[in-house]
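The values are calculated or read from the model by the stated rules, or taken from the named source; none is laboratory data. The structure presented is a predicted model; accordingly, all values stated were derived computationally and were not measured. Here the Cβ positions follow ideal geometry from the backbone for every residue, glycine too, while neighbour counts run over all protein chains shown.
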Amino acid sequence: MARKMLINATRPEEVRVAIVHNTTMEAYEVAASESGLIKGNIYRGIVVSVRPALEAAFVDIGTGKDALVRADDIVPEAMHRKHSGSGRPRIENIVDKGKPITVQVTRDPIAHKGAQATTNISLAGRYLVAMPFDDVRGVSRRTEDEEVRKAAKEKLASMDLPENLGIIVRTNALDQPKATLNRDLSALHRLWKKIKKEAGTGKGTKLLYSDQDLVVQALRDHLDSSITEVLIDDDEVFAKAKGYMASFMPRAKTRLIRYTERMPLFSKFELEDQIDRIYQRSVDLPSGGSIVIDGTEALTAIDVNSGRGTKGGSQEENAFRTNIQAASAVARQLRMRDIGGLIVVEFIDMRASKNNHEVEKTLRDAMKSDKARHTVSKISANGLLEVNRQRIKKALQLRSHRPCPTCSGSGTIASSELVGLSLLRRIEARAATGRLLSVSIELHPELADALQNERRQELASLEREFDIRVEVIAASGLHRSEEHIEWVKREERRSLTEAPTEQAAVSAADLADGVGHQAAKQETQLEPEGSVTEETPTDDAAPKSSRRRRRGGRRRKKAVLKDQVEDTTEGESHAAPQAEEPVAPEATATKTADPEAESGEKKKPRRRRRPRRSKKAKTENGSSEAESQDTPKNDKDPAEDAKKDTPLIDKAPPGGDPFAY
């Protein structure tokens, strides 16, 4: 069976292209709506950062991540300031931050790394490649025959080429007539003029040219004379391919067929199973061995295993047979998976040097059909072979797969025993400080059950020893690698309990002070604290007493102040009690000085009982019941009242106020 190109476009969100030979898939390309491929696109970007230490600039191209442009990739036509000196110019001397610049993406963004771009733009056609900022006239490096290269250069020299437009002849143009090449050249020239015009209009970032049409790419880069048929299962894509072939390949002998059978196109040629194996980590070999492919950010490692392959007469023969099959499989998998960068292949050790040379030759021959540039080294003494392959696109698995949320892409998860021990150590370390009050742990149900069942005694021991509370919660919404831990400190709990009883900056006592001060100021000033009076109080200063808050204090203070104003107005005077005797609760605010207070000594107040209400004061005063309870008015001699109430009070506190405590 001859080689065929199959284009599956029945699903608009994914277009697939495969090249098959007999029943083996030789090449596979897929374009998904969320693949994130931008290589080959041309943007008008804005310089956002200039890094002299890196000799590069970062350019915003409107894709979310800034593109890296090195100083060597900036052509003189794209420089903001012309370089007049000799030697390589410095990046800070040729570009300015905030100015626009036209760039073309040369490498797709990978992981956390942004795209890489250049100002040396190239436009690929069917047979030619146009380079507007380069005067090169050459032939593709993939053409190794010197006679063919010489004939291609002569054909190129006979063409009428535009000025300031470099041209490179592609490999598939070697057998094409001059008229076909001129048609391709004219199309590329018109395309560049249109891009240049779009770059000069408007401001900000802008996509000037997109090179992500998978159908056009497949027909342009993969369709050659060896492919006899192109089968397409979608009307719109079929019309696009027909128009492209009519414009650029009018003399092509390849048949364009609209596939209309009910059986899906790829299933018809048994390709679905082969595509599924592309995403697998291990690939089986015919001899019973296998190759295992593991990718990292730095390189891709491929290990060759003999497996069940034991058909050889000796260990050397068995290793040689497995390595030969592995070499062909490695070259095919690199093309299928779009793996680029550094690839290290570990072959099975072989003693004979000629066997090593044969494996190397097999791998080089298998990679000749690869359109990406590559180099193949020799097998080292440790059985390692290095392959450097051009990274044309992002790896297929990175475009179509997402990292696992459970293992974060590592492929392994921690055991329940390790998770339990780690939690116990963390709880013990925090509890040993004495500041931990409680901890709440949310885990995947599997880990929560294992922790509660297998570590129950250890958790209980920690709770008893450190007086803490440990709570384990099974959260079905968490992945196995996720955990939510809430640590509660004792200071935090104390602050929460003390918050409602916080002392206010301004209290009701301040209002009482203001009222009493205003009433005393209107009539007279009472005796200051610390003075001794025999018969009548002095009018020098108002009394100063230490007030402390108690329940019902505002009501009592208002009653006292009211009586103060009334007594001052009526001109009544009361004799102060003796200093050594406790002061009775009178209506006046005058206090008797304490001899011990005068000497600077203070006595610790004893516990006292609340004074009884005076029935006589209640009758004579005629005020409300609440007022008579707090401040009973006494018309008799204060000394007699004081003696009468003395048994009810052990001793007055310092300051002489029986209501302060």
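Does region 257-301 hold any residues that are charged (D, E, K, R) and closer than 15 Å to T10 by Cβ, and which are they?
R258, E261, R262, K268, E272
Just to check your reading of the model, which residue among M336, M367 is touching a Phe, Trp or Tyr at 6+ places or on another chain (Cβ under 8 Å) and within 24 Å of A31 (Cα to Cα)?
Testing whether each residue is touching a Phe, Trp or Tyr at 6+ places or on another chain (Cβ under 8 Å) and within 24 Å of A31 (Cα to Cα) leaves just M336.
How many residues, within region 77-94, are touching a residue at least 40 places away in the same chain (Cβ under 8 Å) and touching a Lys or Arg at 6+ places or on another chain (Cβ under 8 Å)?
The total comes to 1.
Suppose we filter region 251-271 for residues that are exposed (fewer than 12 other Cβ atoms within 10 Å of the Cβ) and in contact with a helix residue (DSSP H, G or I) (Cβ under 8 Å, 6 or more places away or on another chain); how many remain?
2
Got a number for residues in region 10-62 being among the basic types (K, R), closer than 30 Å to M131 by Cα and at pLDDT below 90?
Adding up the residues that qualify gives 1.
Test A151 against the criterion of being without any contact (Cβ under 8 Å) to a residue 40 or more places away in the chain and touching a Leu at 6+ places or on another chain (Cβ under 8 Å), and give yes or no. Before you say what the answer is, go through the steps one by one.
On the way: without any contact (Cβ under 8 Å) to a residue 40 or more places away in the chain: yes; touching a Leu at 6+ places or on another chain (Cβ under 8 Å): yes.
Taking the combined requirement at face value, the residue satisfies it.
Please list, ordered by residue number, the strands (runs of 3 or more DSSP E) wholly in region 1-52 having 3 or more residues that are within 15 Å of H222 (Cα to Cα) and touching a strand residue (DSSP E or B) at 6+ places or on another chain (Cβ under 6 Å).
3-11, 14-21, 24-32
Go through (1) within 27 Å of A246 (Cβ to Cβ); (2) of a type in the set (A, V, I, L, M); (3) more than 47 Å from the chain's Cα centre (by Cα); (4) assigned to a helix (DSSP H, G or I) one by one and return the number of the condition A187 breaks.
Every listed condition holds for A187 apart from (3).
Does T375 qualify as being assigned to a helix (DSSP H, G or I) and surrounded by fewer than 19 Cβ atoms within 10 Å (Cβ to Cβ)?
Answer is no for this residue.
Which ones in region 348-389 are under 22 Å from G295 (Cα atoms) and in contact (Cβ under 8 Å) with a residue 60 or more places away in the chain?
K371, R373
Examine region 244-259 for a residue that is farther than 23 Å from G125 by Cβ, within 40 Å of the chain's Cα centre (by Cα) and of a type in the set (V, I, T), and state whether such a residue exists.
The answer is no; no qualifying residue exists.
Condition test on V230, is it among the β-branched types (V, I, T) and at pLDDT 90 or above? Before the answer, list the steps.
Values: among the β-branched types (V, I, T): yes; at pLDDT 90 or above: yes.
Here the answer is yes, as V230 does meet what is asked.
For the condition buried (at least 19 other Cβ atoms within 10 Å of the Cβ), part of a helix (DSSP H, G or I) and modelled with pLDDT under 90, what is the one hit in A218, A241?
A218
Keeping to region 289-337, report how many residues are part of a loop (DSSP other than H, G, I, E, B) and without any contact (Cβ under 8 Å) to a residue 60 or more places away in the chain.
Qualifying residue count, region 289-337: 13.
Tell me which of these A152 doesn't satisfy, since it passes every other one: (1) within 23 Å of A252 (Cα to Cα); (2) aliphatic (A, V, I, L, M); (3) assigned to a loop (DSSP other than H, G, I, E, B).
(3)
Search region 411-440 for residues that are in contact (Cβ under 8 Å) with a residue 12 or more places away in the chain and over 11 Å from R455 (Cβ atoms) and pair each with any residue that is surrounded by fewer than 16 Cβ atoms within 10 Å (Cβ to Cβ) and of a type in the set (S, T, N, Q) when their beta-carbon atoms are under 9 Å apart and the residues are at least 6 apart or on different chains.
I413/T406; A414/S422
Among R430, R464, R391, R425, which is the only one that is part of a helix (DSSP H, G or I), basic (K, R) and surrounded by 15 or more Cβ atoms within 10 Å (Cβ to Cβ)?
Of R430, R464, R391, R425, the one residue that is part of a helix (DSSP H, G or I), basic (K, R) and surrounded by 15 or more Cβ atoms within 10 Å (Cβ to Cβ) is R430.
So, S415, is that one among the hydroxyl-bearing types (S, T, Y) and either surrounded by 13 or more Cβ atoms within 10 Å (Cβ to Cβ) or over 17 Å from T296 (Cβ atoms) (or both) or not?
yes
Which residues, counting only those in region 475-492, are among the aliphatic types (A, V, I, L, M) and either within 22 Å of R430 (Cα to Cα) or surrounded by fewer than 14 Cβ atoms within 10 Å (Cβ to Cβ) (or both)? Spell out how you get there, then give the answer.
To start, the set of residues in region 475-492 that are among the aliphatic types (A, V, I, L, M) comprises 475, 478, 485, 488.
The answer is I485, V488.
Just to be sure, is L223 in a helix (DSSP H, G or I) and either in the same structural domain as I46 (by TED's automatic domain parsing) or surrounded by 19 or more Cβ atoms within 10 Å (Cβ to Cβ) (or both)?
The answer is no for L223.
Tally the residues that are of a type in the set (K, R) and under 17 Å from L396 (Cα atoms), restricting the search to region 98-112.
The number of residues fulfilling the criteria is 1.
Any idea how many residues of region 110-126 are in contact (Cβ under 8 Å) with a residue 60 or more places away in the chain and either over 13 Å from R391 (Cα atoms) or within 17 Å of the chain's Cα centre (by Cα) (or both)?
Initially, region 110-126 is screened for residues in contact (Cβ under 8 Å) with a residue 60 or more places away in the chain, giving 110-111, 115, 117, 121, 123-126.
Remaining after also requiring either over 13 Å from R391 (Cα atoms) or within 17 Å of the chain's Cα centre (by Cα) (or both): 110-111, 117, 121, 123-126.
The number of residues fulfilling the criteria is 8.
Scan region 63-96 for residues that are assigned to a loop (DSSP other than H, G, I, E, B) and more than 25 Å from D135 (Cα to Cα) and jot them down. Outline the logic, then answer.
In the first step, residues of region 63-96 are kept if they are assigned to a loop (DSSP other than H, G, I, E, B); the result is 63-66, 74-75, 79-90, 94-96.
Within region 63-96, T63, G64, K65, D66, D96 qualify.
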